[in-house]
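**Student:** Okay, here's the structure, questions in a sec.
Bear in mind that the values in this text are calculations on the coordinates, not laboratory data. Remember, it's a predicted structure, so these values are computed and weren't measured experimentally. Note: ideal-geometry Cβ built from the backbone for every residue, glycine included; neighbour counts use all protein chains shown.
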Amino acid sequence: MAKTRIAVIDDRADARTLVVSVIEDAISNLEVTDKWSVLSAPPLPTLDDYTNWVNDERVGILVIDERLGEIPDASGKAANYTGSDLVSLLRTQNKEMPIYGVTSYPDDTSLKEHFALFNEVVKRDDFTAKAAQYVERFLRMYKNFLEVNEKELSELSKISKKLALGTATTAEKKRARAIQENLEIPLTTVAITSRKEWLDEYQKTIEDFKKLQKDAAKFLKKKSTKKKK
């Protein structure tokens with residue numbers, strides 16, 4: 001089973017490595033390495049790159065620095081956005097995703113303006129000193145999010161199968177959209193998954209039907225031969 005990831009984004013490799021290291025130690029001590037892993041990442045080139053990145057990399061929890069443009073990347077370019085800018089974007093797509101700021105500058109003006117968008121903002125020294133407690137809190141919040149929304153996710157999955165088949169009613173389409181907006185998840189992702197499941201089932205049905213046709217043809221041919229005799 002693919003692991004869910006705690007992604008750490010920081011433009012400074014040394015600071016990023018330290019945070020990754022204490023988180024890895026924490027998930028190891030909590031004995032959840034079978035379900036969780038840590039992803040270390042420098043800032044992506046643009047904010048738009050994060051839309052697919054979060055899903056593709058299976059990011060469940062995000063830990064980010066505020067000042068992401070201090071150190072240039074391998075190509076010599078520095079990020080032209082802050083951690084707050086990134087959180088503002090992600091909150092339009094991942095409403096309840098646990099996002100934490102880990103920074104050496106908790107009094108940063110931009111950070112204060114966007115403080116409510118973070119689940120919590122932690123001073124870097126405090127985080128590294130108490131990583132076990134913070135990581136346990138991360139995982140508990142993620143678990144609570146899944147449990148609270150499990151019912152709606154299940155309902156959305158059922159409706160998505162009907163969407164894939166083209167049998168969803170207008171009311172069901174509206175309900176799917178409402179759930180999508182509430183959970184801030186892309187409806188297309190669920191629908192595509194359901195469509196694949198449906199296509200697999202459809203293919204099996206077709207194969208069974210073809211087999212039935214062959215059996216019927218053999219039976220009719222045998223019966224016709226007996227009549228001739």
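**Student:** For the stretch 8-60, what does the relative contact order come out to in percent, with C-alpha contacts under 8 Å and a separation of six or more?
**Tutor:** 41
**Student:** For the pair S104/E147, report the inter-label distance in nm, with labels modelled 7 Å from Cα in the Cβ direction.
**Tutor:** Roughly 3.9 nm, to one decimal.
**Student:** Can you tell me which of 155-168, 106-119 comes out highest on packing, and rank the rest after it, using the mean Cβ neighbours within 10 Å?
**Tutor:** Ranked from most to least packed, the peptides come out as 155-168, 106-119.
**Student:** So, one more: Which shape class, rounded, prolate or oblate, goes with the stretch 4-129 when its Cα gyration tensor gives a ≥ b ≥ c as root eigenvalues, a/c under 1.5 marks rounded, and past that a/b bigger than b/c marks prolate?
**Tutor:** In terms of gyration-tensor shape, rounded.
**Student:** Mind ranking 91-101, 67-77, 38-48 by how tightly packed they are, going by the mean number of other C-beta atoms within 10 angstrom, highest first? Write down the numbers at each step before the final one.
**Tutor:** Values: 91-101: 18.5, 67-77: 12.5, 38-48: 16.2.
Highest mean packing first, the order is 91-101, 38-48, 67-77.
**Student:** Evaluate the relative contact order of the stretch 46-116 (contact order divided by residue number), counting alpha-carbon pairs under 8 angstrom at least 6 apart; express in whole percent.
**Tutor:** Dividing the mean separation by the residue count of the stretch 46-116 yields 37 percent.
**Student:** Hey, with R₀ at 30 Å, roughly what FRET efficiency would K95 and D34 work out to, going by the Cβ-Cβ distance, to 0.05?
**Tutor:** Calculated value: 0.60.
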